[in-house]
Amino acid sequence: QVQLVESGGGLVQAGGSLRLSCTASGNIFSINTWDWYRQAPGKQRELVARITRADDTHYVDFVKGRFTISRDKARNTVYLQMNNLKPEDTAVYYCNAYLMMGGSDDYSYYWGHGTQVTVSS
């Protein structure tokens, strides 16, 4: 089985920074793409950033210039560096991995359980 565990969330003042981490463990053969999503109370889950196998990165407009996604392939870990945080960034942040398990022929999506980020004004 595969497990994704996020860490690094917390309470921070507006303008502050946090670094989220997500590590995948288990019978993993290959991780293709990593995504970070977030879900604020009463809102739908939304994509925040993506990093591909080739380390190409993509960001939604509301985090461009403030958030940076990166990955450590050797550790099956993805990071989200969040700077200049705003109260509207308050949400539960989830990592998502598109990966292939050992012994499988297909890629599938796996989710972490989320980590709370709260930005006070």
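Values as computed for the structure displayed
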{"item": "Some residue of region 84-107 being aliphatic (A, V, I, L, M), within 16 Å of Val2 (Cα to Cα) and in contact with a Leu (Cβ under 8 Å, 6 or more places away or on another chain)", "result": "yes"}
{"item": "Filter result for Thr68 (among the β-branched types (Val, Ile, Thr), assigned to a strand (DSSP E or B) and open to solvent by 40 Å² or more (accessible area, probe 1.4 Å))", "result": "yes"}
{"item": "Condition met for Gly112 (at pLDDT below 95, within 25 Å of Val2 (Cβ to Cβ) and in contact with a strand residue (DSSP E or B) (Cβ under 8 Å, 6 or more places away or on another chain))", "result": "no"}
{"item": "Search result, residues across region 78-121 that are under 15 Å from the mean Cα position of the chain (by Cα) and loosely packed, with under 13 Cβ neighbours inside 10 Å", "result": "Tyr109, His113, Gln116"}
{"item": "Ala54 being assigned to a loop (DSSP other than H, G, I, E, B), closer than 17 Å to Met100 by Cβ and not charged (D, E, K, R)", "result": "yes"}
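Matching residues to (1) touching a Phe, Trp or Tyr at 6+ places or on another chain (Cβ under 7 Å); (2) within 19 Å of Gly16 (Cα to Cα); (3) at pLDDT 95 or above:
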{"position": "Val63", "(1), (2), (3)": "no, yes, yes"}
{"position": "Asp72", "(1), (2), (3)": "no, no, yes"}
{"position": "Leu80", "(1), (2), (3)": "yes, yes, yes"}
{"position": "Pro87", "(1), (2), (3)": "no, yes, yes"}
{"position": "Ala97", "(1), (2), (3)": "yes, no, yes"}
{"position": "Gly103", "(1), (2), (3)": "no, no, no"}
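Yes/no matrix, rows are residues, columns are (1) open to solvent by 40 Å² or more (accessible area, probe 1.4 Å); (2) in a loop (DSSP other than H, G, I, E, B); (3) aromatic (Phe, Trp, Tyr):
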site	(1), (2), (3)
Leu11	yes, no, no
Gly15	yes, yes, no
Cys22	no, no, no
Asp35	no, no, no
Gly42	yes, yes, no
Phe62	yes, no, yes
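The values are calculated or read from the model by the stated rules, or taken from the named source; none is laboratory data. Since the model is a prediction, treat every value here as computed from it, not as a measurement. Note that we place each Cβ from the backbone using ideal geometry, even for glycine, and neighbour counts take in every protein chain shown. Quick note on the areas: whole protein, heavy atoms, side chains included, nothing else; ligands and nucleic acids left out. Shrake-Rupley method; radii C 1.70, N 1.55, O 1.52, S 1.80 Å.
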